[in-house]
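The values are calculated or read from the model by the stated rules, or taken from the named source; none is laboratory data. Small disclaimer: the values here were computed from a predicted structure and weren't measured. Counting neighbours? That spans all protein chains shown, and the Cβs are built from the backbone with ideal geometry, glycine included.
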Amino acid sequence: MSWNDPNASTEAQKYDNPIPSRELILSTINEHGEVTHQQLAKAFNIDDPDQFDALGNRLKAMARDGQVNRDGRPYRYRTVTKHDIVTGTVTAHPKGFGFVLLSDMPDLFLHEKQMRWVFNGDTVEAVGTSTDNRGRTEGRIVDVVERRQSNFIGTLAHDEDGYCVELGSPNNHQPITVTEENVQAFNAKQGAPVKVDIIDWPNQHEFATGKITEVLSDDNDRELIIETTLLNYDIPSDFSEAALEQANAYQEPTEKDLKGRRDLRDLPLITIDGEDARDFDDAVFAEKRSGGNYRVLVAIADVSYYVTPNSPLDKDAYERGTSVYFPHRVIPMLPEVLSNGLCSLNPDLDRLCMVADIKISRAGKVTGYEFYPGVMHSQARLTYNQVNAYLADPNDNSVPESLTGNKDVKKSVDTLHQLYELLLKKREERHAMEFETVETYIKFNEKGGIEAILPRTRGDAQKLIEECMLLANTCAANFALKNELPVLYRNHDKPDGEKSMRIHEYAKNFGLSFPEESPTQADYQRIIEATKDRPDAISIHSMLLRSMMQANYAPDNIGHFGLAYDEYSHFTSPIRRYPDLMLHRAIKAKVTNSQQPVMDFSLDGAGTQTSDTERRAEKASRYVESWLKCHYMKDHVGEEFDGVVTTVTSFGLFVTLTDLYIDGLVHISNVGDDFFVYDEQQQQLIGKDRGTVFGLGDSVKVKVAGVNMDLLQIDFDLKAKLQASQMNQTKRDQPKKSTASKTPANKTSAKKSSSRGKGASKKS
């Protein structure tokens, strides 16, 4: 040994052929700044092959443990500094691994061992250690900065090591140990759902310990999953006492409240919403003007009058960011005394509102607009179904008297429909995208079980309201930009280069061109139009939709790519979206010559908060819907159903059941008696021996093979290919079909599966 190691004795005790200690290696790397394995061996005068290999293994372990970073080929090692440490949020995968989500760089991959320290949603400091064979940067947790939650709902379990509470996804990797005394104190039975508070957080060697605080009833699974999801996604469900006190103090509007407002109570403003809607935040009216021009009023609940800046109500609303819609329950952004009461534009009641008063030419162009606070008196609460029935047949008996018996309301609805048809042409001209996708809703029986899963239909009533909302949102964005108001815009960026290239290659299947980069709305619309009448249109359009960027909120406007607007904001739903409330405040301050509100948060911070809470709400809603569908399918294991292939991967086919709209996976091992290869370009699995092709839009018969409630996975066995989509014939039928860019997909590979839910959205 030719190195001076302060830990030499320790190393000698551990190893027959000792090498430099980690401490010495670190100090040596610090001296040199950056070294290779070869250079480090030379510095230590190591020429023995076994010692050289051992040094390499130690360097690898130090990189794994986050003591050194390695880059390049050959690897160059350097010590980890504070500049290497990043802060992000842990997202856990049901299979035990996870990621540290980072805003300005690629996420860090966390192995199962690293996940022993954390729960989903925890904020951590971490360092990147190395790159795995899939190109992912592996991470090591340095410190847990903040725990997202300290109480959970799980299932009591018992084994030879004692009692623990097993958590559901996404924390199913992290059981919480509880004492036998704690279990006996609550007389809790194995398998019972329980609430548990954390006493000691987990570490590398021990799971978390906790204390059961409540045994829950499992009589109603769908209510229990809501409570579990609210905890797991850190969604507030109870309002502060101060917020409730503030909300309950408000009374019905008086003359004092109407001061400075434009009186619209004589106008036939009406609300048109879904059958189950309880919060009515928008009312509409339209009239024809001279020369064939139009005037449309979009009156929105004046939430800003009640939810004052930095008040308890405001702080609770900001924390929530949005209302959360589950299949059978809503977690509102505002207390119900406001959301369903004073702020809701209920019929036959005076209600405070903010109005977008818009003038439109007969060519469908906005020629002017005005914003002002008003007071209205809704003359009818109509549903989409009722208005659709009226538009189809004005004499339909199901249409309520509040529409047919009020000539002013009737005239306004007729004008709204005429205006919609005009605006639809403008929508087509600017190539705004409208994909063929299916939204569903769950119908429950009296016992709380699923009775049916049904598609949501979109008739002209839904579309005309949507167009009115788009008008108000674009005018509000334009007003905010012109006046440099401190607001959040609803941005939707162009697709990135990688996604554009993928669609470019796929579009060749239809004989269509699509740019390799910087696509326009017209490029997308060309594919939409060319494929809309195909039986596999929904599958194709879903793929196009997945190629789009996510929309978000930000103080700088970049436009909305999907809607083809240069400027766009959210103005029309302040009851359920915080950015809308912010926009209302800013516009009202401007038009009333008042001072702009000074908030406790920055605009950038508000953009991040509202975008994050929106994502949180979407994930929670999808999780509950997936759970409900998986729970429903447990009773149908072994049964056969018809379905359609909606996604193709290297490991199998995702199939959507035709009548139930539930997704599951046919694993590659269950596709057929052949060796299949995956053609990413054409989105197909192709049998190497028999030439059988499976791809998007194929009709198949499947059997429900199993349901995993922990992973929310539904597995199908393929029983038969019923009908091939036009593009997915056998090789014998299409001998010249290209099979370029194929990746082998071994039918005996490890089983993978997934179940995906589709959430229904409220009007935009």
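Of note:
- Looking only at residues in segment 663-711 that are in a strand (DSSP E or B) and of a type in the set (G, A, S), the one that is surrounded by the fewest Cβ atoms within 10 Å (Cβ to Cβ) is G706.
- Which numbered condition I85 fails, given (1) buried (at least 16 other Cβ atoms within 10 Å of the Cβ); (2) in contact with a strand residue (DSSP E or B) (Cβ under 6 Å, 6 or more places away or on another chain): (1)
- Counting the residues of segment 558-589 that are in contact with an Asp or Glu (Cβ under 7 Å, 6 or more places away or on another chain), among the hydrophobic types (A, V, I, L, M, F, W, C) and surrounded by fewer than 22 Cβ atoms within 10 Å (Cβ to Cβ) gives 1.
- Segment 590-610 - residue that is surrounded by 16 or more Cβ atoms within 10 Å (Cβ to Cβ) and outside any helix (DSSP H, G or I) and, of those, nearest to the chain's Cα centre (by Cα): M599
- Here N45 fits the description: at pLDDT 85 or above and more than 53 Å from the chain's Cα centre (by Cα).
- Segment 20-40 - residue that is over 45 Å from the mean Cα position of the chain (by Cα) and modelled with pLDDT under 85 and, of those, surrounded by the fewest Cβ atoms within 10 Å (Cβ to Cβ): E31
- Residues satisfying the stated conditions in segment 104-132, i.e. within 26 Å of the chain's Cα centre (by Cα), in a loop (DSSP other than H, G, I, E, B) and closer than 17 Å to A63 by Cβ: H111
- Test: residue in segment 162-181 that is at pLDDT 90 or above, within 26 Å of T89 (Cα to Cα) and surrounded by fewer than 17 Cβ atoms within 10 Å (Cβ to Cβ): yes
- Scanning segment 461-492 for residues that are over 30 Å from G274 (Cβ atoms) and out of contact with any helix residue (DSSP H, G or I) (no Cβ under 7 Å at 6 or more places or on another chain) returns L481, K482, E484.
For every residue, the table says whether it meets (1) in contact with a Cys (Cβ under 8 Å, 6 or more places away or on another chain); (2) charged (D, E, K, R); (3) over 30 Å from E223 (Cα atoms); (4) in contact (Cβ under 8 Å) with a residue 60 or more places away in the chain.
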{"residue": "N593", "(1), (2), (3), (4)": "no, no, yes, no"}
{"residue": "L603", "(1), (2), (3), (4)": "no, no, yes, yes"}
{"residue": "A606", "(1), (2), (3), (4)": "no, no, yes, yes"}
{"residue": "T610", "(1), (2), (3), (4)": "no, no, no, yes"}
{"residue": "E625", "(1), (2), (3), (4)": "no, yes, no, yes"}
{"residue": "G638", "(1), (2), (3), (4)": "no, no, no, yes"}
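- Exactly one residue out of A530, A522 is more than 22 Å from the chain's Cα centre (by Cα), of a type in the set (G, A, S) and at pLDDT 85 or above, and it is A522.
- Taken together, the residues in segment 370-401 that are surrounded by 22 or more Cβ atoms within 10 Å (Cβ to Cβ), in a helix (DSSP H, G or I) and among the hydrophobic types (A, V, I, L, M, F, W, C) amount to 1.
- Helices (runs of 4 or more DSSP H) contained entirely in segment 1-96, each with at least 2 residues that are within 29 Å of W117 (Cβ to Cβ): 8-14, 22-32, 49-64
- From the options D5, D53, D47, residue that is of a type in the set (D, E, K, R), buried (at least 18 other Cβ atoms within 10 Å of the Cβ) and either in the same structural domain as R140 (by TED's automatic domain parsing) or more than 23 Å from I141 (Cα to Cα) (or both): D5
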